Amino acid sequence: MTLGVGTFFPQGQFAAPRSYYYGVWLSFDTGSVVNWTDNRADFQAPGGVVTGAVVFHERFWEWSSNKWTLDHMLVESWYAVAPSPTEIPLPYNLQFYTEPSLTRTYLLYEPFGAPGSAAFKHAMPPAPPDYWMPPFP
């Protein structure tokens, strides 16, 4: 597992219940390819020379009412430059972000510590249907 250094907004110890997050918003450059598999996003920059991955903590990814701090949500953030397969720690920004037009809260991930020109949104698993109220008989 390779994890780069993160910066956090509002701060690393900012905590919010997992249930507040609708999904994850990855901020990459236009032309990037992002493929999701559960809590992992693999990416390829335009040109295909740079590839990498960001992996969210499994327990954070699954819906719960537990609180999480921003500095404990990622387990991997790395990139590699072809032809080398070496995983290089990828610095990142991570923030609690509310999308103004939809009023949904996302976890915003910006690789290399800078916003990209394209947003890749991905919903996280929702609450079970019977969480708030048991089913009627």
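Couple of notes before you dig in:
- Descending by average beta-carbon neighbour count within 10 Å, the peptides 61-74, 119-132, 15-28 line up as 15-28, 61-74, 119-132, the highest first.
- Distant-in-sequence amide contacts of THR2, defined by a placed amide H-H separation under 5 Å and a gap of 5 or more residues or a different chain, comprise SER77.
- The chain: relative contact order as a whole-number percent, Cα under 8 Å and 6+ apart: 36 percent
- Whole-Hz ³J(HN,Hα) from phi, Karplus 6.51 cos²θ - 1.76 cosθ + 1.60, for region 88-95, glycine and proline x: 9, x, 9, x, 8, 9, 9, 8
- Net charge over other residues, Cβ less than 14 angstrom from the Cβ of THR51 (K, R count +1; D, E count -1): -3
- Projected-area average for the chain over all orientations - Cα convex hull basis, square nanometres: 9.3 nm²
- Working note: 222 nm ellipticity from helices only, DSSP H runs with n ≥ 4, each -39,500 (n - 2.57), summed and divided by the residues of the chain, gives -500 deg cm²/dmol to the nearest 500.
- Taking other Cβ atoms within 10 Å as a rough exposure proxy, VAL34, VAL50 sort from fewest to most as VAL34, VAL50.
- Summed residue charge, Cβ within 12 Å of TYR97's Cβ, Lys/Arg positive, Asp/Glu negative: 0
- Residue-by-residue Karplus 3J(HN,Hα) for region 68-73, coefficients 6.51, -1.76, 1.60, Hz, glycine and proline x: 10, 8, 4, 7, 10, 8
None of the figures in this text is laboratory data; all of them are computed from the coordinates on show. Model, not experiment: these values are computed from the prediction. Glycine also receives a Cβ, built like all others from the backbone with ideal geometry; neighbour counts cover every protein chain displayed.
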